[in-house]
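Participant: Can you keep this structure in mind? I'll have questions shortly.
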Amino acid sequence: MKVVGLETIIFGVDDIPSCATFLTDYGLIPVDVTDEGGRFEALDGTGVVLAKTEDPSLPASVGNGCMMRKTIMGVADQQSLDDLYAELSKDRAVETLADGSIESHDDSGFAIGFQISKKKQINLVGEISNLPGSPFQRPVNQLGVDVDAEQIRPISLSHIVYFVPDVKKAEAFYVERLGFRCTDRFEDIGPFLQPSGSLEHHTHFLIGAPPFMQGVEHFTFHFSGPTELMQNGERFIKKGYQAFWGPGRHILGSNWFWYFNSPFACHIEMDADMDLHDKNWTPRVSPMGADASQAFLMRNRKKWAPGADTPHNGDYD
């Protein structure tokens, strides 16, 4: 029963045009988008689907203003899909949809779907740093930053973070029923969960919260490295979008991050360079706090240079 990872997040929204502009400005590629919604993809084909709030084909919201209606996860093969159907059918309704995927709900009430993975195989080289003595460096005369890059694209859907009312119950479902495992944990907060068919530090992070907060905290896509993340984040701000947290680098997972407000009643992140772990990894347990959440945190300001007309007075935008 190999779950590979997240492939699609579906939102029900009132304002399709503004949400479509937001996702396009973020860097996703519109696919068959109309006034009724459509799909927005990363380079590997994973992505976000927008639909009208009242679309009858959407699963119900968990409430609390949550606009996320469903997450679709990819599995390795038909046998994995059949095994998931059999496992979930033991105690809950499972529907086979016209496209061959299956749909059900997790123990927190979030709609979940599974399909044979449609993720495209892409051949890209991530960001490489030059370091004297290292055998892995950029080729001579290959620049480390392209300030004229026309468009920076997300590579792949990375992870989603849920607020859940019963974090132990939620974790048990993903671990015992879907074959995920905990890679790290914030003490008294919740676990980072990795599906069995992936080495990435996590595709899900569960945060225990009161029932009135149940919903999505954020979701994110991978970028090719910290440079693209920083460039794309700066461009995003110039387009008028508001940063929430970052840029910086997490400790658990080690991923670079930059969070922004979004029109989806949650935050959206840009991330890069997440840790990979196999079964030999021993999960860490860390108290929640600023010193445990990020190795460092930077603050964005407008471009500046020594001797420029704009004085460097320490003020940040």
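Participant: Once the Cα atoms of region 3-73 are picked out, what are the Rg and Dmax in Å?
Facilitator: 11.8, 33
Participant: Additional query: Which order do the peptides 88-98, 250-260 take when ranked by the mean count of other beta-carbon atoms within 10 Å per residue, highest first?
Facilitator: 250-260, 88-98
Participant: Which lysines does K238 reach when only Cα atoms under 23 Å apart count, and residues fewer than 8 places away in its own chain are ignored?
Facilitator: By straight Cα distance, K238 reaches K302, K303.
Participant: Take peptides 235-248, 175-188 and line them up by average Cβ neighbours within 10 Å, highest first, as a rough protection proxy.
Facilitator: Output ranking for 235-248, 175-188: 175-188, 235-248.
Participant: As I understand it, the value is the acute angle between the Cα axis of helix 78-88 and the longest principal axis of the Cα atoms of the chain; what does it come to in degrees, rounded to 10?
Facilitator: Around 60 degrees separate the two axes.
Participant: Right, another one. Suppose R0 equals 25 Å. What FRET efficiency, 1/(1 + (r/R0)^6) with r the Cβ-Cβ distance, do M213 and K52 give to the nearest 0.05?
Facilitator: Computed FRET efficiency for M213 and K52: 0.50.
Participant: To the nearest 20 Debye, how big is the dipole of region 33-192 about its Cα centre, given +1 on the beta carbon of each Lys and Arg and -1 on that of each Asp and Glu?
Facilitator: Roughly 220 debye for region 33-192.
Participant: Still on this structure, please answer the following. So, with +1 on the Cβ of K and R and -1 on the Cβ of D and E, and no other charges, what is the size of the charge dipole of the chain about its Cα centre, to the nearest 20 debye?
Facilitator: So the magnitude is around 560 debye.
Participant: Quick one: the Cα spread of region 102-234 along its three principal axes, in angstroms, biggest first?
Facilitator: 54, 32, 32
Participant: Moving on. I251 to Q121: extension gain in nm, 0.36 nm per residue of separation minus the Cα-Cα distance?
Facilitator: 43.9 nm
Participant: Specify the residue with the greatest mean-square fluctuation among F114, F223, F212, computed from a Gaussian network of the chain linking alpha-carbon atoms under 10 Å apart.
Facilitator: F212
Participant: Label-point separation (nm) for T21 and A172, each offset 7 Å from Cα along Cα-to-Cβ?
Facilitator: Calculated label separation equals 4.7 nm.
Participant: Tell me the angle of helix 226-238 to the major Cα principal axis of the chain, expressed in degrees between 0 and 90 and rounded to the nearest ten.
Facilitator: 90
Participant: Could you state the number of Å between the C-alpha centres of region 77-99 and region 213-270?
Facilitator: Rounded to whole Å, the Cα centres lie 33 Å apart.
Participant: Would you kindly work out the equivalent ellipsoid of region 169-233 from its C-alpha gyration tensor and give its semi-axes, the square roots of five times the eigenvalues, largest first in whole Å?
Facilitator: One finds semi-axes of 25, 17, 10 Å for region 169-233.
Participant: Could you bin all the Cα-Cα distances of the chain into 20 Å bins starting at 0 and give me the percent of pairs in each, rounded to whole numbers?
Facilitator: 30, 59, 11, 0
Participant: Going highest first, how would you order 285-297, 74-86, 135-147 by mean Cβ packing within 10 Å?
Facilitator: 74-86, 285-297, 135-147
Participant: If you place +1 on the Cβ of every Lys and Arg, -1 on the Cβ of every Asp and Glu, and leave all else neutral, what size is the dipole of region 188-246 about its Cα centre, to the nearest 20 Debye?
Facilitator: Value, rounded to 20: 280 debye.
Participant: Also: Of F110, Q137, Q78, which is farthest along the charge dipole of region 66-143 in the positive direction, counting Lys and Arg as +1 and Asp and Glu as -1 at C-beta?
Facilitator: Sorting the options by dipole projection puts first Q137.
Participant: Treat the count of other C-beta atoms within 10 Å as a stand-in for reagent exposure and order K2, K168 from fewest to most.
Facilitator: Neighbour counts put them in this order, fewest first: K168, K2.
Participant: Same structure, new question: Rounded, prolate or oblate: which one fits region 163-207, using the alpha carbon gyration tensor with axes a ≥ b ≥ c (rounded when a/c is under 1.5, else prolate when a/b beats b/c, else oblate)?
Facilitator: Here region 163-207 falls in the oblate category.
Participant: Per 5 Å bin, what is the whole-percent P(r) computed from every C-alpha pair distance within region 60-138?
Facilitator: 3, 12, 18, 16, 12, 8, 7, 6, 7, 7, 4, 1
Participant: Right, something else. Under 25 Å Cα to Cα from K2, which lysines show up? Leave out anything in the same chain fewer than 8 places away.
Facilitator: K70, K90, K118, K119, K120, K168, K169, K279
Participant: Going toward the positive end of the dipole of the chain, with +1 on Lys and Arg Cβ and -1 on Asp and Glu Cβ, which of T53, M274, S198 do you reach last?
Facilitator: Result: M274, furthest along the dipole toward the positive end.
Taken together, the values in this text are just the output of simple stated rules run on the coordinates, not laboratory data. What you are looking at is a predicted structure, and each value in this text was computed from that prediction instead of being measured. Methodologically, a virtual Cβ is constructed for each residue, glycine included, from the backbone with ideal geometry; neighbour enumeration extends over all protein chains shown.
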